[in-house]
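Data first, discussion second: the structure below is written as structure tokens.
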Amino acid sequence: GRCSMSSFPLRARGMLFVPPWGRVKHWWVRGAARKVGINTPEEKAQRKVDEYVSKMNRPLKENVHRLFDFLLENDLKGFEVPNRWPEPQRKGVHSTTEERATRRILLSLRTAYQKQKCQRCWALKRCCLCERLLEINSRHTVYVLVHPTEFLRSSNTGHLLLRSNGAKGRMLIVGVPKHQKVLESLLADPQTVILYPSDTSISIKELLDRSRHSASSTSPNITVKDRETKDGSEKKFCAAGTEDGPSFNIIVLDGTWSQGRSLRRHLEKSISSSQNLSSNAVEDAREVANSSGTGESQDLTFVHIDVKEPSLFAPLRKQVRSDGCCTLEAAAYCMRELGESDVADNWIHNLKVFVDTIRVQSRGEQLYGTFSDDERAKMTAVKRNLEPPF
């Protein structure tokens, strides 16, 4: 026959069972909370912002001396430390790139000091791998453009490109004015290339062919000659006065894929500023590049690599692309295609040491067997975190 709504249980009618003696109080509390608005998402977000400001609203400069080693080792000696913590990013309020970078760098410095991280390798001091990194000697100069979020992150591999003995290059953090000036002057150099896959990127082989054509057509004093490699399958050129070939300034973008796209947009904005430099050396380099018809001084030169092997970094961070790899792997493959296999092999070994270090410091098992049992026991020793410096 007919069924009424009262025949269904309370849960089926979308209601929770509340005893009669507590039903009035329950409804009153709900009504009061809805009237005051303390449970709305906007109020919760505002409370988090207020707690952040009240907790971080302390003087900074008086405690910066504790972080001087971090600033010095990461080329941030001239980093401008504000008197107070910068305001947190609010919805609808657009902060500048410098303000966002300053806030993220300060938070990273605070966490690194509290967890007792090494200033150079960014791992915990009990798991420091600075003495385990192999030495490299390359004719190319590597510049690592780091996203502020990746600064002092334990799983970051880009900074290891500069930690090996004999490595030439520099770390550039987006949002730091001192590093921005270096980046703008670097982009004005026609020998600067950017390691990042894009629609306009070229292969390493095409880059070498373009450089060979430019060297033979612009400089009559440079003689180009072919020289076979060890296996005799490929040929590369070397100019008079250089032993192994041309030298490039390689900018490696360090970050996730989404951060890499942000770094690329930052480079495209910086190229317009670099074209306004009035240095005589830069102007001469532009004239040479324009006369050769390459136009590399006006446009960014992106290069890509062919990744055919699975990433060694996959156990630490999930790869969103089948051909994806970490920053250190990408630089190693690039050096291998440029003819520097020794540098690539040493960087791959350093990556294996890094992966085992991060897994052991997280109480995991090593994958590549770079540590002995005694060394692993020392690395897994428990140490308390320090009090935050500010």
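Points 7 angstrom from Cα along the Cβ direction at Lys115 and Arg170: gap in nanometres?
Between Lys115 and Arg170, the simple spin-label model gives 2.8 nm.
Return the distance in nm (one decimal) between the two label points of a simple spin-label model at Asp299 and Glu43, each offset 7 Å from Cα along Cα→Cβ.
5.7
Between Ser247 and Ser362, what is the label-point separation in nm under the 7 Å Cα-to-beta-carbon projection?
Taking the two extended label points, one gets 3.8 nm.
Beyond a 20 Å Cα-Cα separation, which of these cross-linked pairs lie in this structure: Lys44/Lys115; Lys205/Lys308; Lys44/Lys318?
Values: Lys44/Lys115 29 Å; Lys205/Lys308 17 Å; Lys44/Lys318 32 Å.
In this structure, Lys44/Lys115; Lys44/Lys318 exceed 20 Å between Cα atoms.
Quote to one decimal, in nm, the extra length available between Lys77 and Gln319 on full extension: 0.36 nm per residue of separation minus the C-alpha distance between them. List each step's numbers first, then the result.
Details: separation 242, 0.36 × 242 = 87.12 nm, distance 3.43 nm.
Going from the current span to full extension adds 83.7 nm.
Rank these by accessible area, largest first, 1.4 Å probe: Arg126, Arg163, Arg120.
Arg120, Arg126, Arg163
At what distance in angstrom do the alpha carbon centres of the stretch 323-339 and the stretch 121-186 lie from each other?
15
Once R0 is set to 25 Å, what does the formula 1/(1 + (r/R0)^6) return for the Cβ-Cβ distance between Arg139 and Val182, expressed as a FRET efficiency to the nearest 0.05?
Calculated value: 0.75.
Stretch Phe68-Ile271 to full length: gain in nm at 0.36 nm per residue minus the Cα-Cα span? Please report the intermediate quantities before stating the final value.
Details: separation 203, 0.36 × 203 = 73.08 nm, distance 3.20 nm.
Extra length available between Phe68 and Ile271 comes to 69.9 nm.
Once R0 is set to 30 Å, what does the formula 1/(1 + (r/R0)^6) return for the Cβ-Cβ distance between Leu107 and Asp342, expressed as a FRET efficiency to the nearest 0.05?
That pair, Leu107 with Asp342, gives E of 0.20.
The values are calculated or read from the model by the stated rules, or taken from the named source; none is laboratory data. Keep in mind the model is a prediction, meaning the values are calculated, not measured. Neighbour counts are summed over all protein chains in view; Cβ atoms, including those assigned to glycine, are modelled from backbone coordinates with ideal geometry. Surface accessibility is based on the protein's heavy atoms, side chains included, excluding ligands, DNA and RNA. Shrake-Rupley method; radii C 1.70, N 1.55, O 1.52, S 1.80 Å.
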